[in-house]
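Q: My structure is below; once you've seen it, I'll send some questions.
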Amino acid sequence: MTSAGRSGGEQPLSPTLSPAGNSMGGGLLFADFNQDYGCFAVGTENGFRIYNSDPFKEKKTREFEDGGGIGMVSMLYRTNYLALVGGGRNPQFPPNRVMLWDDAASKLMAELEFRSNVHRVLLKRHHIVVVLRNKCVICSLESRPKKLHAFDTFYNDKGVGAVSSDPDTNILVFPGRQRGHIQIVDLDSVVIMGPQSSSTSSSKAKHQQHQRDGGGSNGGSRNPSLSPSKSSSPHDGGKKHHHNYDKASSEEIVHLSNINIIPAHSTAISALAINSTGTRVASASEKGTLIRVFNTVNGTLLHEFRRGVDRADIYNIAFSPDSTRLCVASDKGTIHIFNLESSNSPRNSSSSNNGNGHYHHHPSGGSMVGDGNSGYSDIPSSASLSPHGNRKSSFAFMKDLLPKYFSSEWSFTHIRIPGEVRCICGFGQERNSIIVLCADGTCQKYMFDTYRGQAARQWQRRFI
């Protein structure tokens, strides 16, 4: 579900919905989760909306008076601070600027201008990470953001990048300079070692987060370290001076440590995810057939999973809160779920479908999606279970004689999205649940059974 792009071609896909900023129908330009998947933000042709994921509930709708489009919305956990980038037919802000928005005060607090379009924004309590086509720029999060460092990357129009969600860890992953490489950076080690360092440290000490009430965007006090933007309008004709944050500055002396490079794939990285504590990174290449999981400290390959045999665009990857499972969404209209620990292994795979290949009726009355093993067209017809509880070929014991395909580890269950619409996914707050955001404007919740390898849709709600 790509959007029209350069010279009538197609824009590459990204880990969020509609990165190119063109409407997918119903005015939807963008959708993505916050750091813990408890909320999600939606960009539209005339503003943005914030929702609680589960239970599903609209928390905030903001439409700009001039009807400008928002092509990107990044949340800072459940606080009132958002990063906005313009998009759509009539962008509210230029596509090369990141606007820090205080929704409690309904005003812009700061803005960052770049020489090229912004492809993704990641927020942490003290950092703003801006992903450009060939750079990953790290800035401080304060009233006057300071550029801390800019890393060169491989071609990255998809805006691939991720940062650990745990407030006490700040591990960033993004494509390296070479094709298929992953770069891992500890944001706490990226500091300005000059006169600016004292002000940066001071702003961190004063940084206080305002929590939304139940995932909303109202209530509480504003961050005292942020001051309003001096620009009265995002289109002020250049009256305000804008610093190019991707431009090198001779005044900056940057200290870097704890940087790791992992040669993960032979082709370009198409999706990345990092677990909450920053100890594991999962990746997929533009081929979309293999998912690999690495240790971020020493680069050790921990797992290699096979999504399928045919090429696929991987829309996103997500770890479960306890880092024991992984979910992967692709353009094949499926979400695959993998076990990362043997403790999740099903007790007995023979009870998976009562011998008839169909799901049992879910006690909550949820609709069934898929039909047991028949959906695994790429998995060998003769399949068994790996020590982690994932599926593998019964011929895996002959891995030294047969092609690598026969030693592959496959997902223990999968979800087939009706209509095969483009979607992104994340694990819900309830154990064994998946929340799915679809480009048709629906949010869906699925429950999966780890012992039977089954999945059932509990509900579907429309957010646009």
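The values are calculated or read from the model by the stated rules, or taken from the named source; none is laboratory data. Just so you know, these numbers come straight off a predicted model, no measurement behind them. A quick note on method: Cβ atoms are made from the backbone with ideal geometry, for glycine too, and the neighbour counts reach across all protein chains shown. Surface accessibility is based on the protein's heavy atoms, side chains included, excluding ligands, DNA and RNA. Shrake-Rupley method; radii C 1.70, N 1.55, O 1.52, S 1.80 Å.
Q: Condition test on SER189, is it farther than 28 Å from ILE70 by Cα, open to solvent by less than 20 Å² (accessible area, probe 1.4 Å) and hydroxyl-bearing (Ser, Thr, Tyr)?
A: yes
Condition check ((1) on the phi > 0 side of the Ramachandran plot; (2) part of a strand (DSSP E or B); (3) open to solvent by 30 Å² or more (accessible area, probe 1.4 Å); (4) modelled with pLDDT of 90 or more) across all residues:
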residue	(1), (2), (3), (4)
ASN298	no, no, yes, yes
LEU302	no, yes, yes, yes
PHE305	no, yes, no, yes
ASP310	no, no, yes, no
TYR315	no, yes, no, yes
VAL328	no, yes, no, yes
HIS336	no, yes, no, yes
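Q: Take SER164 and tell me if it is touching a His at 6+ places or on another chain (Cβ under 8 Å) and either surrounded by 21 or more Cβ atoms within 10 Å (Cβ to Cβ) or closer than 20 Å to ILE259 by Cα (or both).
A: no
Q: For the stretch 111-120, which positions are free of Cβ contacts under 8 Å to residues at least 60 places away in the same chain, surrounded by fewer than 23 Cβ atoms within 10 Å (Cβ to Cβ) and in contact with a strand residue (DSSP E or B) (Cβ under 8 Å, 6 or more places away or on another chain)?
A: Passing the criteria: none in range.
Q: Right, next: What are the residue pairs meeting all of these: first residue in the stretch 142-161, first residue at negative phi and surrounded by fewer than 23 Cβ atoms within 10 Å (Cβ to Cβ), second residue charged (D, E, K, R) and in a strand (DSSP E or B), Cβ atoms under 7 Å, and 6 or more apart or on different chains?
A: Final answer for the pair search is ALA150/LYS135; PHE151/LYS135; ASP152/LYS135; THR153/LYS135.
Q: For a quick check of your reading: which strands (runs of 3 or more DSSP E) sit entirely within the stretch 69-184 and have at least 2 residues that are of a type outside the set (Lys, Arg), over 26 Å from PHE319 (Cβ atoms) and in contact with a Phe, Trp or Tyr (Cβ under 8 Å, 6 or more places away or on another chain)?
A: Of the strands (runs of 3 or more DSSP E) lying wholly inside the stretch 69-184, those with at least 2 residues that are of a type outside the set (Lys, Arg), over 26 Å from PHE319 (Cβ atoms) and in contact with a Phe, Trp or Tyr (Cβ under 8 Å, 6 or more places away or on another chain) span 70-75, 81-86, 97-102, 107-113.
Q: Report those strands (runs of 3 or more DSSP E) wholly inside the stretch 400-464 carrying at least 2 residues which are open to solvent by less than 10 Å² (accessible area, probe 1.4 Å), modelled with pLDDT of 95 or more and within 22 Å of ARG292 (Cβ to Cβ).
A: Output list reads 423-427.
Q: Picking from TYR37, TYR51, which residue would you name as being at pLDDT 95 or above, in a loop (DSSP other than H, G, I, E, B) and under 20 Å from LEU123 (Cα atoms)?
A: One residue alone meets the criteria, TYR37.
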